[in-house]
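The values are calculated or read from the model by the stated rules, or taken from the named source; none is laboratory data. What you see is a predicted model; the values in this text were computed from it and never measured. Cβ placement follows ideal geometry from the backbone for every residue including glycine, while neighbour counts extend to all protein chains displayed. To get the accessible areas, we keep the full protein, side chains included, count just its heavy atoms, and leave off ligands, DNA and RNA. Shrake-Rupley method; radii C 1.70, N 1.55, O 1.52, S 1.80 Å.
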Amino acid sequence: MPMDRAEEGLGLDPLVAWGILGLSLPGETAGLGCALWPLLQLLSSGIPCSLPDAAKDPAQGLDPARSCWHSVRQKLTNFTWCREMISMFTKGAAEAGPTAPQSIPPAPSLDQFGERVVSTPSQVPGFVRNMHQRLASNEPPDDWLFMDILRLTEEQPTDVAVTLLRCAPTCDRAAAIMWKTIASSGTSTEKVLPTLLCVMDGWPMQKMYTADGDNKDVFALAATRVIWEILRLPWCPEPFVEYSPHLLVALLYQVYASTEQMSEEVNTFWKKCQEEKGITANPNSFVVSTVKSFLYHLQCVNLLMALERKCAWDTLLRAETHHYAMGLLAREMRRVCQPFCSCVALRLLCRLSQEEPSWEMASLAFLVEVLDCLDLNEWGNNILEILTKHLLSESMEMRRLALRGLVMLSKDPSMAKKMCSLSEPLMDFLRNEDIEVVKMSLSVFTNILVNKDIQTSCPTAPKLAAALRPLFDSDNNQVQWLSIGLYKDVMESVVERGKPALKPLVSESLLPLFFHCYDENRRVAQTSRETLLSAVKFLKRRDLRQLLKLDDPWSFAEHVLAEDRSRAAEHLRQALPYLQSPQEPVREAAVRSIGTAGMLMRGQREELQLICEALQALNTDESPSNTNLIVQVMLDERATSLSSSSGSKQPGQQQMPCRRKQAGDQRGEAGAPGPANAGQV
């Protein structure tokens, strides 16, 4: 065959074009295909082999087993070295011993091919099966067989790939040689790879049609076996790099699918693979090994090391933790190879955008970790649609993931405007028992309202304010800080028509905000003070605002309480829960307010009942301050007076005189004023 014809091998790798796959070299080496057939079998078997020194790569210093394919690819273009190799392998076959064949019988040719061009597509499946049978017979092929494989693949890639997957689903030795022949040509690999990916996406089996009308299902794991076989080559085919995001996603989906469901047919198929190839791993472990090999070929060594350190592979293999592993993979990929990570995320976005998506939780877990790597101008609407859909999911874990995505998405001003319609479900999440869900919901609202051009509507403002008020007293400092800060944002962003409906709620929040100004957490205390200032400004109370600016908090509290004596009982009830606060400054602020409210309640119907409730709460204080004791004595005496005048006895009154005695003793020791001066507290 002339040299120019070899070079026209439709983008052939030098490994194919220069003889190792059966093509003739110029001149006298017309029988090179038969002469190198034992070498091809040896290399395709995966058995470590060594080459002469001339075949080693002195620059890289690799061991022979690792560098033999690389060396052959590099040096078969040198005719002198080629002749030495032919001589060496021919001589080695002759000297192997009595059992070694002394001569290699010529391989029969495929006369059906005629001019090596397929006449009709319907003939392709038959040709592929014929080729596989010939390679399986252990007879050396003729010089044209491998060229014919490549020509067929480039003309009818789907038929070649599907037929080969059907006739050799376990990827036996003959099929492995054919697949590696295809992988040696970048053009052939590029044409076949989409078919393999389509099969891998269709777990557990994909119905694929060939030109002869055959529509028998193809195992998805059969295509994965092919990928694994090709990855055993020392080089990574260029199309694998081009299709790497799709290929990685397909492999990761196979890990999940082979963990979740294994039908009887798939189990039977896998047992055959284990028998033929000696594979001991379960299907999901096998696919994980393929993922590792693929990432290694992509030179993602740092990523592999990071995942090994964090035991990501073990987490990936368990169904209940699979989505956590996907999130971990996303974070590590984002850190070490962000461009690749973005491409994988877009591929997963395409999967989630399908009408009936599968593998949703794992895909969403990956996507929400890398949203800031994507162009939201192009993909933001698609992402928001997917997150909105899963925000209403029955699965709490899916709702958590959707909320995490919305937190990230709401940081973009353009996306925040489009998320205003989600206020109702987000307000429902503020009442959730899961503290993480509450925090994420608060963060979304905060990110939305931080935009000055976004206003809170008339119906939303009072509902949101009412939902935020109980969160002021949360045990979680971050929830407190976020809810109090968001309350301020609601007051500042409400539309003008919505202010009248919001004012009563703001008035009721003054005392709770005042108590939280004494919180031991600086961030909570500072935010409470800022929100309190915003509240009096919203209510247009210049007198209260002036007291806060003068840093006269007790006068502020007394002014709020004395302003409307009819609401003294309501204020006292508001202060009662704060008597149970673990923070002494907050308890003391509540006690002083209760003392003032108690003085203002004289003559009201509920006075005795509320005073008794306050006394019972104060009796539980294990380390009362001096102010607590003074107010307790004052309320105790008032309760006794009311009980005597009404002739009734309230529960717990028998313990009060004893408590008063303790209070009087401590009061005398401290030199604090007695009940006559209690109104000044």
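Projected label points at E242 and Y296, each 7 Å from Cα along the beta carbon direction, are separated by 2.6 nanometres. At full extension, Q274 and S474 could sit 66.3 nm farther apart than now, given 0.36 nm per residue minus the alpha carbon distance. The modelled label-to-label distance between R523 and Q354, using points 7 Å beyond Cα along the C-beta direction, is 4.1 nm. Taking 35 Å as R0, compute the FRET efficiency from the Cβ-Cβ separation of E264 and S285 and round it to 0.05. About 0.95, to the nearest 0.05. Charge tally around V444: other residues with Cβ under 11 Å, Lys/Arg +1 each, Asp/Glu -1 each, net +3. Applying 0.36 nm per residue to the separation of R318 and E139 and subtracting their alpha-carbon distance, the gain on full extension is 59.9 nm. Tell me, what is the 1.4 Å probe accessible area of M200, in Å² to the nearest 10? About 0 Å², rounded to the nearest 10. Dipole magnitude for segment 182-248: about 140 debye, using +1 per Lys or Arg Cβ and -1 per Asp or Glu Cβ, origin at the Cα centre. Put simply, the C-alpha atoms of segment 297-337 give a gyration tensor, and the ellipsoid matching it has half-axes of 18, 10, 8 Å, longest first.
If the label point is 7 Å along Cα→Cβ of N382, which residues in segment 327-347 have backbone nitrogen under 15 Å from it? Zone members listed by number: 342-347. Extension gain, A501 to W235: 0.36 nm times the residue separation minus the Cα-Cα distance gives 88.7 nm. Using only alpha carbons, segment 114-215 has a radius of gyration to Kirkwood radius ratio (Rg to Rh) of 0.94. Computed from the Cβ-Cβ distance with R0 of 22 Å, the FRET efficiency linking E570 to K537 stands at 0.45.
Using a probe of 1.4 Å, the accessible surface attributed to R529 totals some 80 Å² when neighbouring protein chains are kept in position.
Could you list, in their original order, any pairs among K310/K418; K310/K463; K191/K271 whose Cα atoms are separated by more than 32 Å?
Going by Cα-Cα distance, K310/K418; K310/K463 fall outside the 32 Å limit.
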